[in-house]
Amino acid sequence: MALTRAEINQRSNEKRGIKNKGFKLNVDDIAMIKQTAIDFNMSEAKLVVEAIKFFKDNKKAS
């Protein structure tokens, strides 16, 4: 039985340990994330993860 594109993508994501996460954000915040990712030459996902790690590390120090 042939797999659909969605099934292939789902299996691939599971194999790589990736899961989709969606947020409803203000359009200005989305624009800021997009521009910051461009400025730092990184993906938006990587920017968000790095920002959370930075926040967590600096919050511990406080």
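Rundown of residues vs (1) in contact (Cβ under 8 Å) with a residue 12 or more places away in the chain; (2) surrounded by 11 or more Cβ atoms within 10 Å (Cβ to Cβ), yes/no style:
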position	(1), (2)
Q10	no, yes
K15	no, no
F23	no, no
V27	no, no
I33	yes, yes
N41	no, no
E44	no, yes
I52	no, no
K59	no, no
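Whether any residue in segment 6-14 is touching a helix residue (DSSP H, G or I) at 6+ places or on another chain (Cβ under 6 Å), outside any loop (DSSP other than H, G, I, E, B) and not aliphatic (A, V, I, L, M) is what I want to check. Spell out the reasoning first.
To start, the set of residues in segment 6-14 that are touching a helix residue (DSSP H, G or I) at 6+ places or on another chain (Cβ under 6 Å) comprises none.
There is no residue in segment 6-14 that is touching a helix residue (DSSP H, G or I) at 6+ places or on another chain (Cβ under 6 Å), outside any loop (DSSP other than H, G, I, E, B) and not aliphatic (A, V, I, L, M).
If we keep just the residues of segment 37-62 that are small (G, A, S) and outside any helix (DSSP H, G or I), which is nearest to N20 (Cα to Cα)?
To start, the set of residues in segment 37-62 that are small (G, A, S) comprises 37, 43, 45, 51, 61-62.
Pick out the ones that are also outside any helix (DSSP H, G or I) and you get 43, 62.
Numbers: S43: 15, S62: 32 Å.
Checking each candidate, the answer is S43.
Every read-out reported here was derived from the displayed coordinates using simple, explicitly stated rules and does not represent laboratory data. This is a predicted model, so every value here is computed, not measured. Don't worry about glycine lacking a Cβ; one is built from the backbone with ideal geometry, like all the others, and counts go over all protein chains shown.
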